[in-house]
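The values are calculated or read from the model by the stated rules, or taken from the named source; none is laboratory data. Every value quoted in this text rests on a predicted model; they were computed, and no experiment measured them. With ideal geometry, Cβ positions are generated from the backbone for all residues, glycine too; neighbour counts draw on all protein chains shown.
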Amino acid sequence: MNVGMDIATGEYIGIVEPDDYIKPEMYETLYKIAKDNNVEIIKGDYWRFKTNDGSEKKELCLMDCNQKIDDIKKYQADVFVMGDDWEGKFDFLKDYCEVVYLPRTPDVSSTQTKEYIITNHN
């Protein structure tokens, strides 16, 4: 990932893992929010869900904590998943679904990514 950031030439960098599903308008939405609010970094959340055929998918989307409850109800989510560095921060969602905190991938974090971008690309 860091190599990609070193050679990127665009105004913004988007990071999506190969198994992620993103809405077609996601980057346009994020770009507009960044420009309208004069921010350099926007981080989206993701939902892990099962499709009708039982396969697991992730949907990357931008949302706030209040919207999480609405989305859990709307999409009838059974499980909310976050990295374990957020342990306890989303326990308020346990009234609506199972909340799971998974271990982070070593050496991959949005905080490190932000720090890298700010340090090396300003």
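Does I72 meet the test of being in a helix (DSSP H, G or I), touching a strand residue (DSSP E or B) at 6+ places or on another chain (Cβ under 7 Å) and modelled with pLDDT of 70 or more? The answer is yes for I72. For segment 68-95, filtered to residues that are of a type in the set (G, A, S) and closer than 21 Å to P106 by Cα, the residue that is surrounded by the most Cβ atoms within 10 Å (Cβ to Cβ) is G83.
For residues that are in a strand (DSSP E or B) and out of contact with any Cys (no Cβ under 6 Å at 6 or more places or on another chain), scanning just segment 80-95, find the one that is nearest to Q112 (Cα to Cα). Steps first, answer last, please.
Applying the first criterion (in a strand (DSSP E or B)) to segment 80-95 yields 80-83.
If we keep only those that are out of contact with any Cys (no Cβ under 6 Å at 6 or more places or on another chain) too, we end up with 81-83.
Values: V81: 20, M82: 17, G83: 14 Å.
Out of the qualifying residues, it is G83.
As a summary of the residue check, T105 satisfies the conditions (1) surrounded by 14 or more Cβ atoms within 10 Å (Cβ to Cβ); (2) outside any helix (DSSP H, G or I); (3) modelled with pLDDT of 65 or more except for the one numbered (1).
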